[in-house]
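All remarks here apply to the structure that follows.
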Amino acid sequence: MLILGIESSCDETAAAVLEDGTRVLSNIVASQIEVHRQYGGVVPELASRHHLESIVPTVESALLEANRGKQHLDAIAVTQGPGLVGSLLVGLNYAKALSYVLGCPLIAVNHLEGHIFSVPLELARIEQDRGAQPRSDWDHLLPALALVVSGGHTSLYVVNGLWYRGKRQERYRLVGRTRDDAAGEAFDKVAKLLFLGYPGGPIIDRLFPRGDPGAVSLPATKISDRSLDFSFSGIKTAVLRQVQSAFQAESEFLRQHRNTPGFHDNLPQPVYDLLASFQSAVVETLFQTTFRAAEREFPKSILVSGGVACNRWLRERFSQGFGRVGIPVHFPSPLLSTDNAAMIAAAGYPKFLRGEFADLTLNADVNLKLA
Ligand code: KG4
Ligand code: ZN
């Protein structure tokens with residue numbers, strides 16, 4: 001059973017072919033990072049224009065790499081939202097046209113559900129690599145706490161059913177979300193503030209071991225003792241205040257040397273310390289809130305997905321913190337953590353089995369909710 005996944009919600013044009021819901025035959029991502037780098041963030045108008053140029057070759061590459069023709073497809077799964085409207089519409093309209101021409105069913109997928117499915121997809125890959133038959137259900141993980149943490153989202157869900165059972169409202173329950181910036185957005189903004197480049201997450205992640213995470217006090221905003229919501233604008237503003245006061249000389253040095261080769265490896269030590277303190281504060285906020293949610297919800301596992309799930313200190317902190325209380329934490333590999341279409345096809349598979357198909361009136365929904 002073959003599903004073609006198509007994803008274009010933000011700045012990556014992606015297509016993937018998935019066999020029987022778990023075997024990734026191809027997973028192609030055409031990144032626009034180079035386009036947006038000079039602006040220090042995603043420019044929506046440029047993103048949609050580049051999706052238009054990339055969508056056909058990306059789908060063709062996915063089919064070629066999977067060694068399958070369009071006529072072999074059983075369904076097309078596409079991201080309906082949330083995301084940028086101009087970006088979403090490119091993937092969605094292409095998927096609709098393809099579904100019409102091929103006469104095969106169309107499946108609408110929520111991008112956040114896709115991120116959550118990247119975790120079982122990774123677990124299936126590990127089983128396949130061991131030569132084992134991948135599981136057909138993931139009940140042993142459930143109920144799970146799923147943290148989706150990316151450039152656009154920071155949300156915490158209780159997941160009661162990944163597979164067939166229950167209505168969507170019963171499968172996912174939102175228990176916490178960011179009140180302001182997403183965690184990845186905070187990484188990107190802090191890197192921009194310090195002239196380090198875009199996207200900020202991978203850069204700050206790499207430089208983290210060079211700094212002292214306890215050097216600069218960056219208080220996190222706590223919403224209330226009872227809330228499981230996140231807030232990152234307080235930490236980001238605390239970095240801004242440091243840059244405007246104690247770090248004025250360093251900031252000027254960074255501005256002047258930002259285009260020098262080897263720039264990242266020759267920063268003043270206080271800057272490494274500031275970056276390490278920032279990353280540590282963000283990861284600690286993510287960990288502490290997820291931990292408090294676990295104390296309330298008694299999950300059997302923690303599933304962390306989205307671009308920020310690539311972060312090495314986050315992986316260590318979660319594994320170590322939840323390891324102490326015996327709750328397993330699962331992450332996707334980096335390629336499945338950031339935006340991709342294999343996760344969209346994976347989330348589409350149970351919908352295919354349930355016969356949950358969309359018709360050609362399907363429209364993009366920039367605020368599509370999962371729960
Ligand atoms: O999931 P994703 O590709 O796109 C969205 O749906 O937003 O996530 C991109 C975000 C960016 O903000 C990027 O800075 C962040 O994920 N990111 C990281 C790392 N790799 C990517 N953040 C922290 N550490 C990383 N290693
Ligand atoms: Zn995403």
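The values are calculated or read from the model by the stated rules, or taken from the named source; none is laboratory data. Note that the structure is a prediction, hence the values are computed from the model and not measured. We place every Cβ from the backbone using ideal geometry, glycine too, and count neighbours over all the protein chains shown. Protein only, heavy atoms only, side chains kept; ligands, DNA and RNA dropped before computing areas. Shrake-Rupley method; radii C 1.70, N 1.55, O 1.52, S 1.80 Å.
Observations on the model:
- Count of residues meeting criterion [assigned to a helix (DSSP H, G or I) and either away from ligand 2 (no atom under 16 Å from the Cβ) or hydroxyl-bearing (Ser, Thr, Tyr) (or both)] in region 315-342: 10
- Taking region 133-215 and the helices (runs of 4 or more DSSP H) fully enclosed by it, the elements with 3 or more residues that are away from ligand 2 (no atom under 15 Å from the Cβ), more than 30 Å from Leu254 (Cα to Cα) and in contact (Cβ under 8 Å) with a residue 12 or more places away in the chain are at 168-171.
- Hits in region 343-358 (condition: more than 16 Å from ligand 2 (Cβ to nearest atom) and either over 16 Å from Trp138 (Cβ atoms) or surrounded by fewer than 16 Cβ atoms within 10 Å (Cβ to Cβ) (or both)): Phe352, Leu353, Arg354, Gly355, Glu356, Phe357, Ala358
Okay, residues lined up against (1) open to solvent by 50 Å² or more (accessible area, probe 1.4 Å); (2) among the hydrophobic types (A, V, I, L, M, F, W, C); (3) at pLDDT below 95:
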position: Ser251; (1), (2), (3): no, no, yes
position: Gln279; (1), (2), (3): no, no, no
position: Glu284; (1), (2), (3): yes, no, no
position: Gln288; (1), (2), (3): yes, no, no
position: Pro299; (1), (2), (3): no, no, no
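- On inspection, Val35 qualifies as part of a helix (DSSP H, G or I) and either open to solvent by less than 30 Å² (accessible area, probe 1.4 Å) or of a type outside the set (Ser, Thr, Tyr) (or both).
- Single residue of region 222-239 satisfying the filter (more than 14 Å from Phe278 (Cβ to Cβ) and not aliphatic (A, V, I, L, M)) that is surrounded by the most Cβ atoms within 10 Å (Cβ to Cβ): Phe230
- Residue list for region 41-69, filter: open to solvent by 30 Å² or more (accessible area, probe 1.4 Å), touching a residue at least 40 places away in the same chain (Cβ under 8 Å) and either part of a helix (DSSP H, G or I) or in contact with a Phe, Trp or Tyr (Cβ under 8 Å, 6 or more places away or on another chain) (or both): Pro44, Glu45, Ser61, Glu65
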